[in-house]
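Novice: I have a structure here, written as structure tokens, and I will follow up with some questions on it.
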Amino acid sequence: MHLITLTLLDSEVRGVDPERITEILRASAEPADRIEHLRTLGGPDRYELAVFLLADTASQARTTARQFCERAIATDPALRNHRLAP
């Protein structure tokens, strides 16, 4: 299991509740992502994401975590002004 941390930025500073972000992310997870646990902290313009997932390598885990978060950003209107920090 790998722990990947990512930063989610909100360009409009709308202050989405961190628990709501976790719910959105969880809803966008697919079985192939192999997500075991999610946690979101912070706000209103910057959120720290902790993604625990199963992967063969740390590089694969990071790629999967970023793709999974990008999918949530692209599909949920509540995250339309959010982006992952590089």
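All of the numbers you see were taken from the coordinates with simple rules; none came from a lab. If you're wondering where the values come from, they're calculated on a predicted model, not measured in any experiment. Counting neighbours? That spans all protein chains shown, and the Cβs are built from the backbone with ideal geometry, glycine included.
Novice: For region 34-55, does any single residue satisfy the condition of being surrounded by fewer than 17 Cβ atoms within 10 Å (Cβ to Cβ), assigned to a loop (DSSP other than H, G, I, E, B) and without any contact (Cβ under 8 Å) to a residue 12 or more places away in the chain?
Specialist: no
Novice: Can I ask one more? Would you be able to tell me the number of residues in region 16-33 that are assigned to a loop (DSSP other than H, G, I, E, B) and either basic (K, R) or loosely packed, with under 12 Cβ neighbours inside 10 Å (or both)?
Specialist: So the count comes out to 1.
Novice: Here is a follow-up. Looking at R71, R83, which one is charged (D, E, K, R) and assigned to a strand (DSSP E or B)?
Specialist: Matching residue, one of R71, R83: R83.
Novice: Please enumerate the residues belonging to region 63-86 that are over 11 Å from the mean Cα position of the chain (by Cα), touching a residue at least 40 places away in the same chain (Cβ under 8 Å) and surrounded by 13 or more Cβ atoms within 10 Å (Cβ to Cβ).
Specialist: Passing the criteria: D76, A78, N81.
Novice: Please work out if I4 is touching a strand residue (DSSP E or B) at 6+ places or on another chain (Cβ under 7 Å) and outside any helix (DSSP H, G or I).
Specialist: Against the criterion (touching a strand residue (DSSP E or B) at 6+ places or on another chain (Cβ under 7 Å) and outside any helix (DSSP H, G or I)), I4 qualifies.
Novice: Give the residues of region 7-57 that are acidic (D, E) and either farther than 18 Å from A78 by Cα or out of contact with any Gly (no Cβ under 6 Å at 6 or more places or on another chain) (or both), sorted by residue number.
Specialist: Within region 7-57, D10, E12, D17, E19, E23, E30, D33, E36, D45, D56 qualify.
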